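One structure is given below, encoded as structure tokens.
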Amino acid sequence: MSNIDVVTRRTTKTKPKIERPKLHKVILVNDDFTPRDFVVMILKAEFRMTEEQAYKVMLTAHQRGVCVVAVFTRDVAETKATRATDAGRAKGYPLLFTTEPEE
């Protein structure tokens, strides 16, 4: 029998630090022309809100001028804001959804 030298080495694995994508808020901007029912319908359709949630968001925007609808990654936020705004424009309403980075 021969003596076998066993050499063990420690290897340290470095995990790349993955940054979470920056989130963006979708904001409903109030206007005095788009019917409330239409705003509620768009919030339910595009943002999957219940009737009650959509009504509260619409009312908050009406009272305060703006209301944060939801928070998503940038691409999703911009897509949803554009689609919701375009749905209003297609009916001739000045409905506006914007996005901005979340702090």
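The values are calculated or read from the model by the stated rules, or taken from the named source; none is laboratory data. Keep in mind the model is a prediction, meaning the values are calculated, not measured. In this analysis, Cβ positions are derived from the backbone assuming ideal geometry, glycine residues included, and neighbour counts consider all displayed protein chains.
The table below gives the values:
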{"quantity": "Looking only at the range 64-74, and only at residues there that are in contact with a His (Cβ under 9 Å, 6 or more places away or on another chain) and not in a helix (DSSP H, G or I), the one that is nearest to V26 (Cα to Cα)", "calculated": "V71"}
{"quantity": "Test: residue in the range 5-25 that is out of contact with any strand residue (DSSP E or B) (no Cβ under 8 Å at 6 or more places or on another chain), in a helix (DSSP H, G or I) and of a type outside the set (A, V, I, L, M)", "calculated": "no"}
{"quantity": "Single match in L95, L59 (criterion: in contact with a Gly (Cβ under 6 Å, 6 or more places away or on another chain) and either at pLDDT 95 or above or β-branched (V, I, T) (or both))", "calculated": "L95"}
{"quantity": "Close pairs from the range 38-52: first over 18 Å from K91 (Cβ atoms), partner assigned to a helix (DSSP H, G or I), Cβ under 8 Å, at least 6 apart", "calculated": "M49/L43; M49/V57; T50/K44; E51/V40; E51/K44"}
{"quantity": "Check on T85, part of a helix (DSSP H, G or I), out of contact with any Ser or Thr (no Cβ under 9 Å at 6 or more places or on another chain) and surrounded by 13 or more Cβ atoms within 10 Å (Cβ to Cβ)", "calculated": "no"}
{"quantity": "Members of the range 44-63 that are surrounded by 17 or more Cβ atoms within 10 Å (Cβ to Cβ) and either touching a strand residue (DSSP E or B) at 6+ places or on another chain (Cβ under 7 Å) or not in a helix (DSSP H, G or I) (or both)", "calculated": "F47, M49, V57, A61"}
